[in-house]
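Worksheet for the structure shown next.
The values are calculated or read from the model by the stated rules, or taken from the named source; none is laboratory data. What you are looking at is a predicted structure, and each value in this text was computed from that prediction instead of being measured. Here the Cβ is made from the backbone with ideal geometry for all residues, glycine too, and neighbour counts use every protein chain on show. For accessibility, only protein heavy atoms count, side chains too; no ligands or nucleic acids. Shrake-Rupley method; radii C 1.70, N 1.55, O 1.52, S 1.80 Å.
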Amino acid sequence: WRDRLKHDTITDAAELTYAAEILALLNRLEGRPADDYHLLMRLFAKARQEIDRTYWPAYVAEAIVLWAKHNPTYAMEALGEALTLNPASSDAWLLVCMVGVDSFNFDLVEVALSKLRAIHSDHLFADILRAHLLLKQKDAVGANELIADTLEHYPQQRELLALLAASEAMRYDEQATAAALQRFDEIAPGSPLAPRTARK
């Protein structure tokens, strides 16, 4: 894919965006997430400016790369463009929430959460981001209660299980933390998601 993107011409906005996302994932897997950054930005720009000006997923994909590069301002600009084209994009509102949580912009998080709830009253993304927000605010008990309730409906949802481990760790309950990590490992053996989340 890397060679094809450097040398071939893709004229479909969706295919070009998917290919660029593959390249970004490949760089992460190879441990070099900064590689091909300028190429990725050119590809996303081509998809949304030259091929299809209404293709909002290219803006969301671009925002993900920008956020991973610790550039929340430009990520939010891209998300604003995406939401102008599709105000009901759960992916865009989810990323708005994540940027807001990371930057301690809790008012922004509340706006985005309300938008997700408007899309679906029991939106899974909203529960996950609410749990992230509560943990960021050091409310381990509130996060734990929310996560436990949501896990009743999604018992194998990996991010929820990772957040459960984090909430137990924040409560300094070593036995419960170990049990949460084991529960996660039964679903995703060897994945670093839960241990990494618990250490945050």
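A few points about this structure:
- Some residue of region 172-183 being crowded, with 21+ Cβ neighbours inside 10 Å and either touching a residue at least 24 places away in the same chain (Cβ under 8 Å) or basic (Lys, Arg) (or both): no
- Looking only at region 155-171, residues that are open to solvent by 90 Å² or more (accessible area, probe 1.4 Å) and under 22 Å from Leu133 (Cβ atoms) come to 2 in all.
- Filtered residue count, region 40-68, keeping only those that are farther than 17 Å from Glu81 by Cα and in contact with a helix residue (DSSP H, G or I) (Cβ under 7 Å, 6 or more places away or on another chain): 1
- Neighbours by Cβ (under 6 Å, 6+ apart or cross-chain): first from region 44-61, part of a helix (DSSP H, G or I) and open to solvent by 40 Å² or more (accessible area, probe 1.4 Å); second at pLDDT 90 or above and not basic (Lys, Arg): Ile51/Ala13
- The conditions of being surrounded by fewer than 16 Cβ atoms within 10 Å (Cβ to Cβ) and in a helix (DSSP H, G or I) are met by Glu145.
- Within the option set Leu29, Leu5, being surrounded by 12 or more Cβ atoms within 10 Å (Cβ to Cβ) and either without any contact (Cβ under 8 Å) to a residue 40 or more places away in the chain or over 26 Å from Ser89 (Cα atoms) (or both) holds for one residue only, Leu5.
- Qualifying residue in region 182-193 (condition: part of a helix (DSSP H, G or I), hydroxyl-bearing (Ser, Thr, Tyr) and at pLDDT 90 or above): no
- Val65 meets the conditions (1) modelled with pLDDT of 90 or more; (2) not in a helix (DSSP H, G or I) in every case but one. The failed one is (2).
- Considering region 114-134, the residues that are of a type in the set (A, V, I, L, M, F, W, C) and open to solvent by 10 Å² or more (accessible area, probe 1.4 Å) include one that is modelled with the lowest pLDDT, namely Phe125.
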